[in-house]
Amino acid sequence: MRTLVILTGAGMSSESGIRTFRDSGGLWEEYRVEEVATPEAWAADRNLVLRFYNERRRQLMDARPNTGHLGVAGLEKYFNVRVITQNIDDLHERAGSTSIVHLHGELTKARSTKDPSLIYDIGYKDILPGDTCELGSQLRPHIVWFGEPVPMMDKAVEIASGADIFAVIGSSLNVYPAAGLINYAPEKASLWLIDPKEVQVPVDRDVEVIRKGASEGVRVLIEKLLAIYGTGN
Ligand code: NAD
C-alpha cells in the first residue's frame with residue numbers, strides 16, 4: 001500500500017463547529033493566544049489558562065467529526081494513512097483514523113507540571129486549580145504552547161519522510177515547525193492542499209490545490225487519488 005501522509009490544521013475541524021485561529025483575526029475563541037496558550041500565560045494566570053482549556057474541552061464533547069474527518073478515516077481502505085495533526089481535538093480518533101500523531105498535544109489529556117512523562121487521560125473532564133499528579137504538583141493541559149518545544153516533531157519528520165503522497169488540510173502553514181513538514185516529503189511524493197483560501201506553501205514544488213472546505217475537499221481528494229492510484233494499492 002502507498003503511504004498517504006495527511007497534515008491537518010484547525011480548518012479540518014471548522015465544519016465541526018470548532019473555530020480556526022487565523023480566521024478570527026488572531027483570536028482563539030475570543031482570547032488572545034498570548035493570554036492563554038503560552039508558558040508566560042500559565043505563569044501569570046493559571047486559572048485563566050485552565051478555564052480556557054476547560055471551555056475548549058466542553059465544546060469538543062459536544063462536537064462531532066465532519067465528513068472530512070470521516071473521509072480521511074475511510075482512505076485507510078486504500079492507503080497506509082498516517083495523520084499528523086496540529087489540532088488538539090480528538091475528532092480524527094472519533095472518526096476512526098488509526099494512526100494519528102498530535103503535534104500540539106491533546107485536550108483529553110492532562111500532564112504533571114513536575115514530570116512531563118506523567119500524562120493522564122481525563123476525557124472531557126475539567127482540570128481545576130488544586131488537581132495534582134501523583135507527585136503532588138498541579139496538573140496542566142497536555143498541550144504544546146506557543147514557544148514550547150514540539151516533542152512529537154521527530155516522529156512527524158520520520159512519517160513525512162516516508163510519504164508517497166502528502167496532503168495538507170485546513171492549515172494556514174503559519175505555525176512552525178509543523179508548517180515545514182511538507183519539505184520532508186520525498187521528491188517523488190505528490191503534494192496536495194485543501195483549503196478554501198489561498199495558502200502560501202513553503203516549498204518550491206508543484207502542489208495540487210483543492211480550494212474547498214474540508215468535507216467537500218476530502219471528497220474531491222478521494223476521487224482524484226483513486227483515479228490516479230486506483231483502489232488496489
Ligand atoms: P490556522 O487557524 O492558522 O489556519 C486555519 C486554516 O484553515 C486557514 O488556512 C483557513 O483558510 C482554513 N480553513 C478555514 N475553514 C476551513 C474549512 N472549512 N475547511 C478547510 N480549511 C479551512 O490553523 P493552524 O494552521 O492549524 O494553526 C493554528 C494553531 O492553533 C494550531 O497550532 C492548533 O494547535 C491551534 N488550534 C487548534 C484547533 C483545534 O484543535 N481544532 C482550533 C484552533 C486552533
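Using only the alpha-carbon atoms, how far is helix 214-229 inclined from the longest principal axis of the chain? Give it as 0 to 90 degrees, nearest 10.
With rounding to tens, the tilt is 40 degrees.
Per-residue HN-Hα couplings for region 181-193, Karplus 6.51 cos²θ - 1.76 cosθ + 1.60 at θ = phi - 60°, whole Hz, x for Gly and Pro?
4, 4, 5, 8, 5, x, 3, 6, 6, 7, 10, 9, 9
Straight-line reach only, C-alpha to C-alpha below 28 angstrom: list the lysines that LYS197 could link to, leaving out same-chain residues fewer than 8 apart.
LYS188, LYS212, LYS224
Let's test the formula: R0 of 22 Å, r as the Cβ-Cβ distance of ALA227 and ARG205. What FRET efficiency results, to the nearest 0.05? Mind showing how you got there, number by number?
On the way: r = 21 Å, r/R0 = 0.96.
The pair ALA227/ARG205 has a calculated efficiency of 0.55.
Within 13 Å, Cβ to Cβ, of ALA44, how many net charges do the neighbouring residues add up to if Lys/Arg are +1 and Asp/Glu are -1?
That works out to -2.
If I model a spin label as a point 7 Å beyond the Cα along the Cα-Cβ vector, how far apart are those points for TYR124 and SER99 in nm?
3.0 nm
As a test of the formula, what do you get for the chain when each DSSP H run with n ≥ 4 contributes -39,500 (n - 2.57) and the sum is divided by the residue count, at 222 nm and rounded to the nearest 500 deg cm²/dmol?
Calculated at 222 nm, the ellipticity per residue is -8000 deg cm²/dmol.
Of SER97, ALA163, GLY17, which is farthest along the charge dipole of the chain in the positive direction, counting Lys and Arg as +1 and Asp and Glu as -1 at C-beta?
The Cα lying farthest towards the positive end belongs to SER97.
What are the GluC sites (Glu not before Pro) within region 1-64 that DSSP puts in a loop, where the Cβ has at most 13 other Cβ atoms within 10 Å? Let's see the in-between values first.
Details: sites: GLU15, GLU29, GLU30, GLU34, GLU35, GLU40, GLU55; in loops: GLU29, GLU30.
For GluC sites (Glu not before Pro) across region 1-64 that sit outside H, G, I, E and B with at most 13 neighbouring Cβ atoms in 10 Å, the list reads GLU29, GLU30.
Net charge near LEU118: determine it from the other residues with C-beta under 9 Å of the C-beta of LEU118, scoring Lys and Arg +1 and Asp and Glu -1.
Details: positive: ARG111, LYS114; negative: ASP115, GLU134.
Charge balance near LEU118 sits at 0.
How about region 73-164: which GluC sites (Glu not before Pro) there are in a DSSP loop, with at most 10 other Cβ atoms within 10 Å of their Cβ?
Hits after loop and neighbour filter: GLU134.
Under 8 Å for C-alpha pairs, at least 6 residues apart: give me the relative contact order for the chain, rounded to a whole percent. Show your work: numbers first, answer last.
Numbers: 436 pairs, mean separation 55.1, N = 233.
That works out to 24 percent.
Could I have the simple spin-label model distance between ARG58 and SER117, label points 7 Å from Cα toward Cβ, reported in nm to one decimal?
3.6 nm
Taking the solvent-accessible surface of protein heavy atoms with a 1.4 Å probe, what is the per residue accessible area of region 1-150 in Å²?
I get 45 Å² per residue for region 1-150.
Count neighbours as other Cβ atoms within 10 Å of each site's Cβ, and list the trypsin sites (Lys or Arg not before Pro) in region 129-233 that are DSSP loop with at most 16 such neighbours. Walk me through the intermediate numbers first.
Working: sites: LYS155, LYS188, LYS197, ARG205, ARG211, LYS212, ARG219, LYS224; in loops: LYS188, LYS197, ARG205, ARG211, LYS212.
When the trypsin sites (Lys or Arg not before Pro) of region 129-233 are filtered for loop state and at most 16 Cβ neighbours within 10 Å, LYS188, LYS197, ARG205, ARG211, LYS212 remain.
Taking 1 over the mean of 1/r across every pair of different Cα atoms in the chain, what Kirkwood radius in Å do you get?
For the chain, the Kirkwood estimate is 18.3 Å.
For region 108-233, calculate the relative contact order in percent as a whole number, restricting contacts to Cα pairs under 8 Å that are 6 or more residues apart.
16 percent
The values are calculated or read from the model by the stated rules, or taken from the named source; none is laboratory data. Being a predicted model, the structure only gives us computed values, none of them experimental. Note that each Cβ is placed from the backbone with ideal geometry, even for glycine, and that neighbours are counted across all protein chains shown. The area values use the complete protein model at the heavy-atom level, side chains included, leaving out ligands, DNA and RNA. Shrake-Rupley method; radii C 1.70, N 1.55, O 1.52, S 1.80 Å.
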